[in-house]
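Read through the structure below, which is laid out as structure tokens, and then see the notes.
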Amino acid sequence: MYEDEQHGPLDGFTVGVTAARRAEEFGALLERRGAAVLHAPALRIVPLADDSELLAATRRIVDSAPEVVVATTAVGFRGWTEAAHGWGLGGRLLEALRGTELLARGPKVKGAIRAAGLTEAWSPASESMAEVLDRLLDEGVEGRRIALQLHGEPLPGFSESLRAAGAEVVAVPVYRWVDPEDIAPLDRLLDSALARGLDALTFTSAPAAASLLGRAEKRGLIPELLSALRDDVLVACVGPVTALPLQARGIETVQPERFRLVPLVQLLCDELPSRARMLPIAGHRVEIRSHAAIVDGELRPVPPAGMALLHTLARRPGWVVGRADLLRALPGSGTDEHAVETAMARLRTSLGAPRLIQTVVKRGYRLALDPAWDSPDASPAC
């Protein structure tokens, strides 16, 4: 790294955001650190007041209070009580909850519980639902009635484990995820991932991950997407539950130690620069990101066509790449190889060091890799 660098840790990187909730906040955190953000909500949330399943579950609880209530998210718990007040059941719901063993998954949920005038009986230090499950099973749940506030996903294994141990589980679906009304942004995000136009793809809920995979499957793109996410695009999840649909497909993910947006952003700030390729070219040090290059520590934004050429050349550093191959790499490529020459001229100008890319007469172009560089990555891909 260069001490006089003026760029942010995510400058030149493109991050895909699939979140429906708090997407603006998440995107702003990324952009403040220099990232270009491509947002496409993979899901939308059914409004609480319109959800007949939540109303039915609320009536069951006020008519017959459970012995244990597990609150999993602050926004979900607040939404539940607000919706109950809207249905004229708010007072009865709070009275029912006062007589239960109220378990809170983490500090934010504790805050929401106390704001409602209630007190939690216990909360795990790890903020992990696995620890909540262990506590319940250790206490013994046979014959007990347990209400579980869901948070948009089914918490795989949690309810099943309680039922297998003899509990009656009342699911409280505080909000439900459904497909986005406009699918076009999600398709654009998928296409960008396939084209390696993303450096990272982020998920803050398991349903969003499942939805993106489902959309790829519907378009017949699952093999291509899995290849991109396994080999080229960093997949970052806010926590282990969110990662489950991806891991089931063999996709490795990274997760912050604390399951929050700010630690997730910091994780990207640590991971992406460390993964970026640094090449010694024509006496310069060049780091290639998705929409920019860093030449000797200076950020050099590059137009999309130029980045497509640069990425193609960087896959075989030092080797000649023919004009026909470069033409196919250009966005919306046609048949006129003159488009390659035009885009190449602009790329050289953007990089500020024309000698980084050499023209090989009648053959194509190559990165002028320093001859002393010795790396297995210098070999052409098979």
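The values are calculated or read from the model by the stated rules, or taken from the named source; none is laboratory data. The structure displayed is predicted, hence computed values, not measured ones. Please note: Cβ atoms are built from the backbone with ideal geometry, for glycine as well, and neighbour counts cover all protein chains shown. Please note that ligands, DNA and RNA were not included when accessible areas were found on the heavy atoms of the full protein model with its side chains. Shrake-Rupley method; radii C 1.70, N 1.55, O 1.52, S 1.80 Å.
Some notes on this structure:
- Over all projection directions, the Cα-based convex hull of region 24-94 averages an area of 6.5 nm².
- Over 14 Å [Cα-Cα, region 303-350], rounded percent: 41 percent
- Given in Å, the Rg to one decimal and the Dmax to the nearest whole number for the Cα atoms of region 61-142 are 12.6, 37.
- Pairwise centroid distance, computed over Cα atoms, of region 180-212 with region 213-279, Å: 11 Å
- Loop-resident sites, region 246-275, for GluC sites (Glu not before Pro), counting at most 10 other Cβ within 10 Å (DSSP): Glu257
- For region 12-25, putting each phi into the Karplus relation 6.51 cos²θ - 1.76 cosθ + 1.60 with θ = phi - 60° gives couplings of x, 9, 10, 10, x, 10, 9, 5, 9, 8, 6, 5, 5, 5 Hz, in residue order, rounded to whole numbers and with x for Gly and Pro.
- D_trans [Stokes-Einstein, Kirkwood Rh over alpha-carbon pairs] for the chain, 37 °C, 0.692 mPa s, µm² s⁻¹: 140 µm²/s
- About the Cα centre, charge dipole magnitude for region 19-141 (Lys/Arg +1, Asp/Glu -1 at Cβ), debye: 440 debye
- The alpha carbons of region 235-382 occupy a box of 54, 34, 29 Å along the principal axes, longest dimension given first.
- Ordering Thr202, Gly79, Cys237 by Cα displacement along the dipole of the chain toward the positive end leaves Thr202 in first place; charges were set at the Cβ atoms of Lys, Arg (+1) and Asp, Glu (-1).
- Amide H contacts of His39: Val17, each under 5 Å away and 5 or more positions distant or on a separate chain (H built 1.01 Å from N in the peptide plane; Pro and chain starts excluded).
- Rh (Kirkwood; distinct C-alpha pairs) - region 188-307, Å: 15.5 Å
- Between the amide H of Val174 and those of Leu150, Gly152, distances stay under 5 Å, these residues lying 5 or more places away or on another chain, with hydrogens modeled in the peptide plane.
- Loop-located trypsin sites (Lys or Arg not before Pro) across region 73-168 with a Cβ neighbour count of 16 or fewer within 10 Å are lacking, with loop assigned by DSSP.
- Fully extending the segment from Asp182 to Glu257 would add 23.6 nm, taking 0.36 nm per residue of separation and subtracting the current Cα-Cα distance.
- A dipole drawn for region 278-322 from +1 and -1 charges on Cβ atoms has a positive end, and of Leu313, Ile294, Gly283 the residue lying farthest that way is Leu313.
- Dipole magnitude of the chain about its Cα centre (Cβ charges: Lys, Arg +1; Asp, Glu -1), debye to nearest 20: 640 debye
- Counting only protein heavy atoms and a 1.4 Å probe, the chain has 47 square angstrom of accessible area per residue.
- Region 1-158: equivalent-ellipsoid semi-axes (sqrt of 5 x gyration tensor eigenvalues, Cα, Å): 37, 20, 14
- Per DSSP, loop chymotrypsin sites (Phe, Trp or Tyr not before Pro) in region 37-109 with at most 11 further Cβ within 10 Å: none
- When the charge dipole of the chain is built from unit charges on Cβ atoms (+1 for Lys and Arg, -1 for Asp and Glu) and taken about the Cα centre, the candidate among Ala112, Leu268, Ala40 whose Cα reaches farthest toward its positive end is Ala40.
- Surface share of carbon and sulfur [accessible, 1.4 angstrom probe, percent] for the chain: 50 percent
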